[in-house]
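**Student:** Please see the structure below; I have some questions.
The values are calculated or read from the model by the stated rules, or taken from the named source; none is laboratory data. Bear in mind the structure is a predicted one, so any value in this text is a computation, not a measurement. Heads up, the Cβs are rebuilt from the backbone with ideal geometry, glycines too, and the neighbour counts pull from every protein chain shown. Note: areas computed on protein heavy atoms with side chains; ligands, DNA, RNA excluded. Shrake-Rupley method; radii C 1.70, N 1.55, O 1.52, S 1.80 Å.
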Amino acid sequence: MIRTMTTASALALLAGAASAEGSLNIYNWGNYTSPEMIEKFEAEYDVDVTVTDYDSNDTALAKLKAGGHGFDIVVPSGNYVPIFIAEGLLMKSNPNEMENFSNMDPRWVDVEFDPGREYTVPWQWGTVGVSVNTAVYDGDINTAAVIFDPPEELKGKINVLPEMNDVMGMAIHYLGGEQCTGDREVLRQVRDKLVEAKPNWLSMGYSTIERLANEDIAASINWNGASMRARIDNDDIAFGYPQTGFSIWMDNAAIISDAQNVENAKLFLNFIMEPENAAMLSNFARYANGIQGSQEFMDETMAQAPEINTPEELADAGYISKNCPPEVQKIYSQIWTELTK
Amino acid sequence: MDATTRSRALLLAPALFILTVAASGPLLIVFVYSFLTPGDYGGVVWDFSTQAWFNVIAERDFFTEELGWADAHLAVFWRSIKLSLLTALLSFLVGFPTAYFIATRPRRSRDMWMLLIMIPFWTNLLIRTFAIMELIRNEGTINTVLIAMGLVTAPVQMLYTEFSLLVGMTYVYLPLMILPIYASMERFDFRLVEAGYDLYASRWQVLRRIIFPLVKPGVIAGSILVFVPCLGAYVTPRVLGGGKQIMLGNLIELQFGQLRNWPLGAALSLTLLVIVMVALLIYVRAAGGEEARHG
């Protein structure tokens, strides 16, 4: 026992030679980690934090699978969590036994991608809906029709996110199906509808905030937080929740299975379940978190925002985004290639 | 093995290493991957399959189960080849007079002109592409000026069209056309032009019968240098094409990312390589034939 301890402290000395008490390497989406919150964590636990960016779940997955990365924390989206677990990339760190776990909104505890929260802790969550410039089109915007059967005013001014799963999901629900459906008749209709709608679209790109605010585009499939940022620059931009169904995503922090700084990583997971700290994340990234009581620490603009607080009458139309089975994914790929060609 | 042979072998080692390991190695991996089965979440499963190669040109419709051409892939191939050829042509139309202009300046000012051609080339590709975007977007410089002058009432949609791709790629690759043409022209003896005029040739005849044949190798080299990178262009179609006019590079990226079909991505990459090789063969033929005639 004593020998193990000396070895461990010798190793710790070697590893932490350049740092303070220890270090923590976070691998997260770009522009998504509140620097203010990181400073607070560093000060509280005397830990040096390094944040490295990625731009998609697939990038993170590929990098972690390749090994030799040196990261401790990763923040995959809910629909990717089962893949990360199946690939053996996440540590079963049991956040559900941590001190601050009681703060987690019960709605987010028994999620399909991590029942009972044995691996992950909520980071931010949001919805995929439609942003519309209401000065250009003043009709009902709580419908996916603004994208798939657009009114005359919006034709040629529409952007669609190049995210296969989000677009397919929205289109399938619009035509009466369920996400991840393998029903060929529904999928044929989806393909025809998408191909028919494409000439009305201006572009399929990720940048929506500036282009909506500048009025280069008048409508877009969009993330709620991005829509809010566009509205702050341009009052006419409103966010619609398609009544036929809109997807809800959640990004989740988890410890990587071969993390070097497990204890610090655990401290960090517990830390972000503290309402005040979760609020710091939201104030920075402009999305909701899954922690109860964080509302009172949020900016006024966040607490009131219609993009962040789903209207009650539309809340039931939301569905939590899943990862579709490979055989279904194959058909989606075919439709997507057909659409983007 | 005596000392000289050994030192020769050692001196050759870096070149041989680069050629075998660094050049052929990755290509071999791509080749092998194109014959494997896609993993469910990206990556590959080590089961032999020719499905990826089959899917490059053909696919089974998920609804009718009918076997047909992979229209989407063929459309992207065609767009890539068409736009690359047009870019080469456009670069030639702009680059040839430019090279001629520079080659006919006094020796001392030529370097300055060449420098002006090269400076944009040193700027990051992404920055140059975004600069073009700023010019041609609806609220951009060109449209603002056109509207202020009263020439149009609503902005002309230039961004996110094949036109914007052509403009973007021509701008980006123009120096690759000017440089070889200029190199040929610099060696060109302009007294031949005078001789042509003395023999009552028209300006058109001088250009077509005297200048052009002698700088043709430079033109061919420039066309290849522009054509090849255009085929694999990724950034320009992504930024200026708005994701609706994708090219081969984007189609390949899609397979390694969202569509999780690495073998198909590998097969598409090799198909791109074959197209490039065919283009190079045509070049060698054309340039070789030229040499034979002059020799």
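**Student:** Of B:GLN205, B:PHE121, B:PHE101, whose Cα points farthest to the positive end of the dipole of the protein assembly as shown (charges on the beta-carbon: +1 Lys, Arg; -1 Asp, Glu; origin at the Cα centre)?
**Tutor:** Projecting each Cα onto the dipole axis, the largest value belongs to B:GLN205.
**Student:** At what distance in nm do the modelled label points of B:ARG110 and B:SER49 sit from each other, each positioned 7 Å from its Cα along Cα→Cβ?
**Tutor:** Each label point lies 7 Å from its Cα, and together they span 5.8 nm.
**Student:** Cα axis of helix A:262-272 to longest principal axis of chain A: angle in degrees, 0 to 90, nearest 10?
**Tutor:** For helix A:262-272, the angle is close to 50 degrees.
**Student:** Under a Cβ-only charge scheme (Lys and Arg +1, Asp and Glu -1), can you give me the dipole magnitude of chain A about the Cα centre, in debye to the nearest 20?
**Tutor:** Magnitude of the dipole: close to 1200 debye.
**Student:** When we measure straight from the Cα of A:LYS198, which aspartates and glutamates land under 13 angstrom away, once same-chain ones fewer than 8 places off are left out?
**Tutor:** A:ASP149, A:GLU338
**Student:** Largest first, how would B:PHE121, A:PHE84 line up by accessible area (1.4 Å probe)?
**Tutor:** Output order, biggest surface exposure first: B:PHE121, A:PHE84.
**Student:** What is chain A's relative contact order, in percent, from Cα pairs under 8 angstrom and six or more apart in sequence? Please report the intermediate quantities before stating the final value.
**Tutor:** Working: 612 pairs, mean separation 86.0, N = 341.
Value for chain A: 25 percent.
**Student:** Now, a different point. Compute a Gaussian network model of chain B, connecting alpha carbons closer than 10 Å, and tell me which residue from B:SER109, B:SER223, B:SER84 fluctuates the most.
**Tutor:** Of B:SER109, B:SER223, B:SER84, the Gaussian network model singles out B:SER109 as fluctuating most.
**Student:** Sticking with this one: Among rounded, prolate and oblate, which fits segment B:71-294 when a ≥ b ≥ c are the square roots of the eigenvalues of its C-alpha gyration tensor, a/c under 1.5 means rounded, and a/b larger than b/c means prolate?
**Tutor:** oblate
**Student:** A further question on this structure: Hey, what did segment B:71-294 get for relative contact order, percent, Cα under 8 Å, at least 6 apart? Can you show the working numbers first?
**Tutor:** On the way: 226 pairs, mean separation 59.1, N = 224.
Contact order relative to length: 26 percent.
**Student:** Sticking with this structure for a sec: Give me the number: length gained by fully extending A:LYS155 to A:THR59, i.e. 0.36 nm times residue separation minus the C-alpha to C-alpha distance, one decimal in nm.
**Tutor:** Taking 0.36 nm per residue and subtracting the Cα distance, the gain is 31.2 nm.
**Student:** Put a dot 7 Å past each Cα toward the Cβ at A:VAL109 and B:LEU28; how far apart are the dots in nm?
**Tutor:** Placing both labels 7 Å along Cα→Cβ, they lie 5.7 nm apart.
**Student:** Now for a separate question. Can you say what percent of the DSSP beta bridges in the protein assembly as shown, counting only those with both residues inside, are antiparallel? Round to 5.
**Tutor:** For the protein assembly as shown, the DSSP antiparallel bridge percentage is about 60.
**Student:** Mean Kyte-Doolittle of at least 0.5 and a Cα length of 18 Å or more along the axis: which whole DSSP H helices of chain B meet both?
**Tutor:** B:3-17, B:71-103, B:162-186, B:212-231, B:262-294
**Student:** Run the simple label-point estimate for B:LEU86 and B:ARG203 please: 7 Å along Cα→C-beta, distance reported in nm.
**Tutor:** Once both label points are built, they end up 3.0 nm from each other.
**Student:** I would also like to ask the following. Of A:LYS63/B:LYS244; A:LYS155/B:LYS244; A:LYS193/A:LYS341; A:LYS341/B:LYS82; A:LYS330/B:LYS244, which sit over 23 Å apart, Cα to Cα? It would help to have the intermediate numbers written out before the result.
**Tutor:** Values: A:LYS63/B:LYS244 28 Å; A:LYS155/B:LYS244 15 Å; A:LYS193/A:LYS341 16 Å; A:LYS341/B:LYS82 15 Å; A:LYS330/B:LYS244 21 Å.
Table pairs above 23 Å Cα-Cα are A:LYS63/B:LYS244.
**Student:** Here's another thing I want to ask about it. So, with +1 on the Cβ of K and R and -1 on the Cβ of D and E, and no other charges, what is the size of the charge dipole of segment A:239-340 about its Cα centre, to the nearest 20 debye?
**Tutor:** 360 debye
**Student:** If R0 is 41 Å, what FRET efficiency do you get for A:ALA66 and A:ASP235 from their C-beta distance, rounded to 0.05?
**Tutor:** Working: r = 46 Å, r/R0 = 1.12.
According to the calculation, E is roughly 0.35.
**Student:** What's the magnitude of the charge dipole for the protein assembly as shown around its Cα centre, counting Lys and Arg as +1 and Asp and Glu as -1 at the beta-carbon? Answer in Debye, nearest 20. Intermediate results must be reported in sequence, preceding the final value.
**Tutor:** On the way: 44 positive and 70 negative charges, 896 e Å.
In debye, rounded to 20, the protein assembly as shown gives about 4300.
**Student:** Mind pulling the angle between the C-alpha long axis of helix A:275-285 and the longest principal axis of chain A? Nearest 10 degrees, somewhere in 0 to 90.
**Tutor:** Tilt relative to chain A: about 50 degrees.
**Student:** Now for a separate question. At 1.4 Å probe size, with the rest of the protein present, what percent of the exposed accessible area of segment B:71-294 is carbon and sulfur atoms?
**Tutor:** Working: 7870 of 11450 Å².
Carbon and sulfur: 69 percent of the exposed surface of segment B:71-294.
**Student:** Rounded if a/c is under 1.5, else prolate if a/b beats b/c, else oblate: with a ≥ b ≥ c from the C-alpha gyration tensor eigenvalues square-rooted, which is segment B:66-155?
**Tutor:** Oblate, because a/c is 1.5 or more while a/b does not exceed b/c.
**Student:** Where a ≥ b ≥ c are the square roots of the eigenvalues of the C-alpha gyration tensor, would you call chain A rounded, which needs a/c under 1.5, or, failing that, prolate if a/b is larger than b/c, or oblate?
**Tutor:** Since a/c reaches 1.5 and a/b is larger than b/c, the shape of chain A is classed as prolate.
**Student:** Which percentage, to the nearest 5, of the DSSP beta bridges contained in chain A is antiparallel?
**Tutor:** Expressed as a percentage, antiparallel bridges in chain A total about 60.
**Student:** Another question, if that's okay. Enter the angle in degrees (range 0 to 90, nearest 10) between the Cα long axis of helix A:164-174 and the first principal axis of the Cα atoms of chain A, meaning the one along which they spread out most.
**Tutor:** Its long axis makes an angle of about 50 degrees.
**Student:** Given the Cα-Cα distance of A:THR301 and A:GLU44 and 0.36 nm per residue of separation, how much length would full extension add, in nm?
**Tutor:** Details: separation 257, 0.36 × 257 = 92.52 nm, distance 2.81 nm.
Result: 89.7 nm gained on full extension.
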